[in-house]
Amino acid sequence: MSEAISHFVNACEVIDVHEHHMAEVALSRDVNLLKLFQQSYAAWTGDVLPSEPKATSSIISAATEPTTWERLAPFLEKSGSNAFVRNLVRGVSNLYGVAETGITRENWEAVDTLVRLHHKDAKWPGEVIGRAGIKRIVTDPFLDPLLDPRPVLGESYDAVLRINAFTLGWHPNSRDHNGNSGHALLGRLGMEVTTFDDYCAAIRELVAGCAGRNQIALKNALAYDRDLSFDEPNVEMARKAWGKSSPSTAERKAFSDFVVDLFCQLAGQADLPVQTHLGTAIISGSHPLRISGLIERHPRTRFLLMHLAYPWSRDLLGMAFVYRNVWLDLCWSFLLSPSHFKLALHEAIEVLPDESRMMIGGDCLHIEETFAAIQGARELIGEVLSEKIASGYLRSRDAERLAIGVLSKNAREFFRMS
Ligand SMILES: [Zn+2]
């Protein structure tokens, strides 16, 4: 019985609602084994602080260095117990034929050669996505928030409009944690902005243009730039920040609160969901309850709350029980802690008001890590559903219907995909 549901989950197609696939990384021809680790969450165990992944852009542009055992060992041995590392090791081992042993001091050179060879082949990314059973992908290409993904990544891609740079755009020189300037981005769209009112009009035009860029949602990743207490908009205070290179803390907050509120209002009118990062980032400000005011002010806006707000998944489930404009993107939570994910998924199945509320994504830069994330998610979802069947909570047919919902159907309906 329990094996049957796991086989079923493994055979389901996936609509992956969150990746960071960008041509600069996912389609790079210059990738080796070391680079896969350096450009993955495994790097967050070392020099990249989880609260400050500012280093992400420098990591992406850094030259490829030769793989050596000395460079791999800090990942494989020093941080070998970490779930990000375990996930990537498993994905790489499965894809490059060393599933029996994993990556070892004896085989790393052979694995490195295979990684380099496969990445020279333009068909490799598509092949890996196919092997993961992923049919469509929603990507957040944070290096270019205006990217139309289809000309570069293919027809199976849609994107999100990442709003961070615009919500911090009180001055042409103000930038988000990825280094993006809202003014520069609007300038690329031919929008001249000199006054605060121009800026608000430009934001309206920006959202109206989403469909034309194959952007099917907005993405709020401000948990990496500021705290998530988005207060009632105060337009007078927001105006005070305008044009200043260093506004006061209160003026900055008011400006960004105001623009976030405007985005949420426009998203509701345009029927675009708002994906929102919750949980670990700037951890003192990323508790999910901090955005409850924003959710309550915009009952017609659909919020897709991410990562099970780890480590506050129970608080998030409480919110998803109370608010009918909240859905959950489980991505990344199973990479942070597979065992916590299982516990939280058991509760989520019981607490959520209906079966439409959960979706999955990988949240990765490289296709190997995406492959590993989706494989891992299938396995964990299969285990939870088989436990739910074994305890008598669900019948097999109910578990199968739920699996199809979480893996693809919910996302297709939520994002109005054809
Ligand atoms: Zn992400």
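Rule-based calculations on the coordinates, nothing more; no lab input. On a predicted model such as this, the values are computed, not experimentally measured, just so you know. Quick reminder, even Gly has a Cβ in these numbers, built from the backbone with ideal geometry, and neighbours come from all protein chains shown.
Provide, for the chain, the number of lysine pairs with alpha carbons under 25 Å apart, each pair being eight or more places apart or on different chains.
Lysine pair count for the chain: 20.
Tell me which DSSP H helices of the chain clear both cut-offs, 30 Å or more of axial length from alpha-carbon atoms and a mean Kyte-Doolittle hydropathy of at least -1.0.
Helix filter hits for the chain: 249-270, 367-390.
Beyond 15 Å, what share of the Cα-Cα pairs of segment 339-418 remains, rounded to the nearest whole percent?
In whole percent, the long-distance tail amounts to 60.
Using only helices, what value at 222 nm comes out for the chain when you add -39,500 (n - 2.57) per DSSP H run of length 4 or more and divide by the total residues, to the nearest 500 deg cm²/dmol?
Helix-only estimate at 222 nm: -13500 deg cm²/dmol.
Using only the Cα atoms of segment 137-229, build the gyration tensor, take square roots of its eigenvalues as a ≥ b ≥ c, and label the shape rounded, prolate or oblate: rounded if a/c is under 1.5, else prolate if a/b is larger than b/c, else oblate.
Since a/c reaches 1.5 but b/c is at least a/b, the shape of segment 137-229 is classed as oblate.
Positive end of the dipole of the chain, charges at C-beta (+1 Lys, Arg; -1 Asp, Glu), about the Cα centre: which of Ser396, Val128, Phe341 has its Cα farthest in that direction?
Result: Ser396, furthest along the dipole toward the positive end.
Compute the normalised compactness of segment 271-403: alpha-carbon radius of gyration over 2.2 N^0.38 Å, N being the residue count.
Dividing the Cα Rg of segment 271-403 by 2.2 N^0.38 Å gives 1.05.
At a 10 Å Cβ-Cβ cut-off, how would you order His277, His171, fewest neighbours first?
With the fewest neighbours first, His277, His171 line up as His171, His277.
Taking the Cα centre of the chain as origin and charging only Cβ (+1 Lys, Arg; -1 Asp, Glu), how large is the dipole, in debye to the nearest 20?
Charge dipole of the chain: 360 debye, to the nearest 20.
As a footprinting exposure proxy, order Cys210, Cys200 by other Cβ within 10 Å, with the fewest listed first.
Exposure proxy ranking, most exposed first: Cys200, Cys210.
Among 317-330, 66-79, what's the highest-first ranking by average C-beta atoms within 10 angstrom per residue?
317-330, 66-79
Would you mind ranking Asp363, Asp198 so that the residue whose beta carbon has the fewest other beta carbons within 10 Å leads the list?
Fewest to most other Cβ atoms nearby, the residues stand as Asp198, Asp363.
Rounded to the nearest 5, what % of DSSP beta bridges with both residues in the chain are antiparallel?
Close to 5 percent.
Test of understanding: in a Gaussian network model of the chain with alpha carbons linked when under 10 Å, which of Asn178, Asn164, Asn94 would top the mean-square fluctuation ranking?
Highest fluctuation among the options: Asn94.
Of all trypsin sites (Lys or Arg not before Pro) in segment 229-286, which ones are in loop regions per DSSP and have a Cβ with at most 15 other Cβ atoms within 10 Å?
Loop-located and lightly packed - Lys244.
On the Cα set of the chain, report Rg and Dmax in Å, please.
Using the Cα atoms of the chain, the pair Rg, Dmax is 21.2, 65 Å.
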